[in-house]
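Notes follow once the structure below has been shown.
The values are calculated or read from the model by the stated rules, or taken from the named source; none is laboratory data. Everything numeric here is computed off the predicted structure, so don't read it as measured data. All Cβ positions, glycine included, derive from the backbone under ideal geometry; neighbour counts span all protein chains shown.
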Amino acid sequence: MSKLVFQLDQNPFDDIRDLIARVPAANPDVRKAAMSRQAEIALPSGELGRLAELAIWLASWQGQNPPKVERPQIVVFASSHGIAERGVSAYGSAETQAKIDALTSGKGSVNQIAGTAGCGLQIVELAPELPTPDITEQAALSEKECAATFAFGMEAVSSNPDLIGLGVVGAGATTAAGAVSLALYGGAASFWAMSGSAMKKPDLLVAKTKVIDDALIHHRGKLDDPLEVMRRLGGRDLAAVAGAIIAARYQNIPVILDGFVATASAAILHAIDPNCIDHCVAGSVTSRDSHHALLDRIGKKPVLDLGLGLGDGSGAALAISIAKAAAACHVGIGHGQN
């Protein structure tokens, strides 16, 4: 895997831009072989629907036909944001730690779903006890902090999975993701604030909208570069997810995104080069219009639409079960027997 090496005499973002510019393409011969296999079994054409698409996607980005889903992994990045103290979330730092404890003790929803899907589960703590600064007053991260966290996210993809799902837990994360979305795509702060716990409590939605608006005002004129959007408005979790997405690309690992925050991280990369997230699919979509809109902006159709609002990898784990079924059908169905 390519790693970031930071030089004191250069902008640390240059390494990230270079990695994104050089991401490998899918193997066209493998894709052609996978499509030919689907043509053999899918009679009449299209009968396997999304399963056929997923099988071809898996094969293309794994670089092998038939594709295999034998070592799937869920990676959950845990962090916290200073804006959580501004009334934007029903959860604070203590609740974030409680969520982390539940995950590490096997009592979270993603633990149960990952277990049924046969997925490994890795919890990556990004100093959740140290919230990033309030983005209405200063940048979430310095350039070096952002680039280093991106590199740390790359290093989290280290257990040689053949399919990986990415999720996030942490107070204030969906507000940061909303600010990122507004910076990238414009619109109204109130629209991008419609995610997370704010959907259930009007007072949280009001507070969240104000924080997003205030953050964009504070950083006005400095958000033309998507990497600046990531470091100023995002935080450790979004930077780490972005790093994991790029690392997976270099290791021929398809990626399943889970939740609004991971999708916002992918959107940052998409704004730099849309092709650099071609190896990603969305595992599931929440009931929030903001998440639907964000997926539409980056051209991703969710595998599942179950109304999940967790974003902690649960939706990705469910989608991995579907991907396993897609790979099994690709291999096991005989000619004309579907």
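Values for this structure:
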read-out	value
Candidate set: the stretch 304-338, residues that are in contact with a Ser or Thr (Cβ under 9 Å, 6 or more places away or on another chain) and not in a loop (DSSP other than H, G, I, E, B); chosen: the one surrounded by the fewest Cβ atoms within 10 Å (Cβ to Cβ)	Leu304
Flag for Ile253 being buried (at least 20 other Cβ atoms within 10 Å of the Cβ) and part of a helix (DSSP H, G or I)	no
Selection within the stretch 23-49 - surrounded by fewer than 16 Cβ atoms within 10 Å (Cβ to Cβ) and basic (Lys, Arg)	Lys32
Long-range neighbours under 6 Å by Cβ, at least six apart or interchain, first residue without any contact (Cβ under 8 Å) to a residue 60 or more places away in the chain within the stretch 223-234, second in a helix (DSSP H, G or I)	Leu223/Ala183; Leu223/Val229; Pro226/Ile268; Pro226/Ala271; Pro226/Ile272; Val229/Val180; Val229/Ala183
Meets criteria (of a type in the set (Lys, Arg), modelled with pLDDT of 90 or more and farther than 22 Å from Pro274 by Cβ) for Lys68	yes
Breaking point among (1) touching a His at 6+ places or on another chain (Cβ under 8 Å); (2) farther than 19 Å from Ile245 by Cα, for Ile277	(2)
Failed item in (1) free of Cβ contacts under 8 Å to residues at least 24 places away in the same chain; (2) closer than 20 Å to Arg17 by Cβ, with Cys276 passing the rest	(1)
Any hit, the stretch 81-96, residues being in a helix (DSSP H, G or I), among the β-branched types (Val, Ile, Thr), in contact (Cβ under 8 Å) with a residue 40 or more places away in the chain and under 22 Å from Ala317 (Cβ atoms)	yes
Hits in the stretch 21-52 - residues which are in contact (Cβ under 8 Å) with a residue 12 or more places away in the chain and among the acidic types (Asp, Glu)	Glu40, Glu47
Unmet requirement for Pro128, which otherwise passes all of (1) buried (at least 20 other Cβ atoms within 10 Å of the Cβ); (2) part of a helix (DSSP H, G or I); (3) not aliphatic (A, V, I, L, M)	(2)
Any hit, the stretch 292-308, residues being among the aliphatic types (A, V, I, L, M), in contact with a His (Cβ under 6 Å, 6 or more places away or on another chain) and over 22 Å from Cys119 (Cα atoms)	yes
Residue tally, condition crowded, with 24+ Cβ neighbours inside 10 Å, in a helix (DSSP H, G or I) and of a type in the set (A, V, I, L, M, F, W, C), over the stretch 265-300	6
Per-region count, the stretch 48-104, residues more than 19 Å from Ala247 (Cα to Cα) and either aliphatic (A, V, I, L, M) or touching a strand residue (DSSP E or B) at 6+ places or on another chain (Cβ under 6 Å) (or both)	19
Exclusive hit being farther than 25 Å from Gln97 by Cβ, in contact with a Phe, Trp or Tyr (Cβ under 9 Å, 6 or more places away or on another chain) and of a type outside the set (A, V, I, L, M, F, W, C), set Ser181, Ser190	Ser181
Positions within the stretch 15-39 being of a type in the set (A, V, I, L, M) and not in a helix (DSSP H, G or I), in sequence order	Val23, Ala25, Ala26
Set Ile100, Ile74: member being among the hydrophobic types (A, V, I, L, M, F, W, C), within 20 Å of the chain's Cα centre (by Cα), modelled with pLDDT under 95 and not in a loop (DSSP other than H, G, I, E, B)	Ile100
Test: residue in the stretch 209-230 that is basic (Lys, Arg) and crowded, with 24+ Cβ neighbours inside 10 Å	no
